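For reference, the structure is listed below as structure tokens.
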Amino acid sequence: MRTVFIGTGEIGVPTLRALQKSDHELVGAVTQPDKPAGREQKITAPPVKVAVAGSNIPVLQPSKIKEAAAIDRIRAFEPDVVVVMAYGQILPRAVLEIPKIACLNLHASLLPRWRGAAPIQAAIAAGDHETGITVMYMNEGLDTGDILLQRKIDILPTDTGGSLHDRLAEIAPEALLAALQMLANGSAPRIPQDNALTSYAPKLDRKAGRIDWNESAKQIERKIRAYDPWPGAFADFDGRKLKVFTAAITDLHGKPGEILRRDRELVVATSDASLSLTEVQFEGKRRLSALEFLRGAKL
């Protein structure tokens, strides 16, 4: 089948490469424009564009996919299927109606749980035991389309937002290729989502990573893992922002935010217990173990 891939983020790259190697004809890719990135704000191509560099696959980078010119160029590919994963813009009806067979989205959650922009972080922060990839038929709603298939994985006690992102990226290609095969042989189901089971994961910003010591130790520990690497969990320490990468729950008790131990470990009280902060970093400095940090910090 003739396919067009629409995506931007790193999570979609394995799926894009699987399409390139498959029996399906990848006739075009659509991604976001090159943007400044990093401390030096160097103009950088999105991962999807980098992935197809050196091939003969046309790449479109409209500033807004709803523009008439962009829609016309996608239509000119004459796709049977449009595949979308982590694109970053809402597709208008005019694009959804282009493919002859279906417009499919690969979403990093087990819909209808965690619709929205940050399903990976939300699943870890909520203490979910499993997540996965959902292949769904796209409509104009936010992750509301009928489900074609799902692939599940366990969320490990050590998973971070980064590690779970990578594991979901690994299972996505098989999910898509299975879905395309079902479409090709006419056996693809359409399973409506149960809206009563919906949860929403809004887009995160840097402020979302601020630690609230009035929460439970389990809640904070999960958020620390969920927000690694983005947006990063942090707390105010000696008038500076202290980023926290890992923490372990302890049974010490005190007033939320109170430093309970500061010799060979950094233990901070929460609402019900405490956390030993095991890896930390002052903004602009290198990442340190708690012991390294305490040797240099003035407490």
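The values are calculated or read from the model by the stated rules, or taken from the named source; none is laboratory data. Just so it is clear, the model here is predicted, and its values are computed rather than measured. As a convention, Cβ positions derive from the backbone with ideal geometry for all residues, glycine included, and neighbour counts pool all protein chains shown. Quick note on the areas: whole protein, heavy atoms, side chains included, nothing else; ligands and nucleic acids left out. Shrake-Rupley method; radii C 1.70, N 1.55, O 1.52, S 1.80 Å.
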Worksheet item: Over the heavy atoms of GLU25, what accessible area does a 1.4 Å probe trace out, to the nearest 10 Å²?
Response: 100 Å²
Discussion item. I need the GluC sites (Glu not before Pro) found in region 253-299, filtered to DSSP loop residues with at most 13 other beta carbons within 10 Å of theirs.
Written reply: GLU283
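May I ask for the net charge around VAL27, where only other residues with Cβ less than 10 Å from the Cβ of VAL27 are counted and Lys, Arg are +1 while Asp, Glu are -1? Let's see the in-between values first.
Working: positive: ARG2; negative: GLU25, GLU78, ASP80.
With Lys, Arg at +1 and Asp, Glu at -1, the neighbours total -2.
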Practice prompt. Report, in whole Å, the centroid distance computed from the Cα atoms of region 229-248 and region 14-82.
Written response: 35 Å
Response to the item:
One would report the antiparallel percent of DSSP beta bridges in the chain, rounded to the nearest 5, as 65 percent
Practice prompt. Positive end of the charge dipole of the chain (Lys, Arg +1 and Asp, Glu -1 on Cβ, about the Cα centre): tell me which of ILE147, LEU176, ILE220 has its Cα farthest that way.
Written response: ILE220
Worksheet item: If you line up the Cα atoms of region 113-153 on their principal axes, what length do they span on each, largest first, in Å?
Response: 29, 19, 10
Response to the item:
So, with points 7 Å from each Cα along the Cβ direction, the SER289-LYS64 label distance in nm works out to 5.3 nm
Discussion item. What is the sum of charges, Lys and Arg at +1 and Asp and Glu at -1, for the other residues whose Cβ falls under 14 Å from the Cβ of GLY254?
Written reply: 0
Worksheet entry | Pairwise label distance in nanometres, ILE101 with GLN181, each label 7 Å out on the Cα-Cβ vector | 1.3 nm
Fill in: Nitroxide proxy distance, nm - points 7 Å out along Cα→Cβ at GLU140 and ASP194
2.8 nm
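Restrict the search to region 27-125; then list the trypsin sites (Lys or Arg not before Pro) that DSSP places in a loop and that have at most 13 other Cβ atoms within 10 Å of their Cβ.
Working: sites: ARG39, LYS42, LYS49, LYS64, LYS66, ARG73, ARG75, ARG93, LYS100, ARG113, ARG115; in loops: ARG39, LYS64, LYS66, LYS100, ARG113.
Qualifying residues, ordered by number: ARG39, LYS64, LYS100.
Protein chains only, probe 1.4 Å: how do THR158, THR270, THR198 rank by accessible area, largest first? Mind showing how you got there, number by number?
Working: THR158 110, THR270 0, THR198 55 Å².
Descending order: THR158, THR198, THR270.
If the limit is 19 Å between Cα atoms, which of LYS207/LYS241; LYS35/LYS243; LYS49/LYS203; LYS42/LYS203; LYS21/LYS152; LYS152/LYS203 go over it? If you can, show how the numbers build up before the last one.
On the way: LYS207/LYS241 12 Å; LYS35/LYS243 26 Å; LYS49/LYS203 23 Å; LYS42/LYS203 24 Å; LYS21/LYS152 24 Å; LYS152/LYS203 23 Å.
From the list (LYS207/LYS241; LYS35/LYS243; LYS49/LYS203; LYS42/LYS203; LYS21/LYS152; LYS152/LYS203), the Cα-Cα distance tops 19 Å for LYS35/LYS243; LYS49/LYS203; LYS42/LYS203; LYS21/LYS152; LYS152/LYS203.
When the solvent-accessible surface of protein heavy atoms is calculated with a 1.4 angstrom probe, in what order do THR250, THR15 fall, highest first?
On the way: THR250 35, THR15 0 Å².
Listed by decreasing accessible area, they come as THR250, THR15.
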Worksheet entry | Neighbour net charge for ALA196 - beta-carbon separation under 15 angstrom, K R +1, D E -1 | +1
Response to the item:
Candidate cut points under trypsin sites (Lys or Arg not before Pro) in region 265-299, DSSP loop plus at most 14 other Cβ atoms within 10 Å of their own Cβ, are LYS285, ARG286, ARG287, LYS298
Fill in: Equivalent-ellipsoid semi-axes of the chain, from the Cα gyration tensor, Å, largest first
41, 21, 15
Item to complete: Starting from the Cα of LYS42, step 7 Å toward the Cβ, then list every residue of region 1-17 with an amide N under 19 Å from that point.
Response: 10
Item to complete: Using R₀ = 30 Å, calculate the FRET efficiency as 1/(1 + (r/R₀)^6) where r is the Cβ-Cβ separation of LYS152 and GLU215; round to 0.05.
Response: 0.60
Discussion item. At 1.4 Å probe size, what's the solvent-accessible area of ILE191? Round to the nearest 10 Å².
Written reply: 90 Å²
Worksheet entry | For region 232-243, 3J(HN,Hα) per residue [Karplus equation, 6.51 cos²θ - 1.76 cosθ + 1.60, θ = phi - 60°, Hz, x = Gly/Pro] | x, 8, 8, 9, 7, 9, 6, x, 10, 7, 10, 7
Worksheet, complete the sentence: Which residues qualify? For PHE234, with a placed amide H closer than 5 Å and at least 5 residues away or on another chain, they are ARG210, ILE211, VAL244
Worksheet item: Taking a probe of 1.4 angstrom, what is the accessible area of HIS165 in Å², to the nearest 10?
Response: 50 Å²
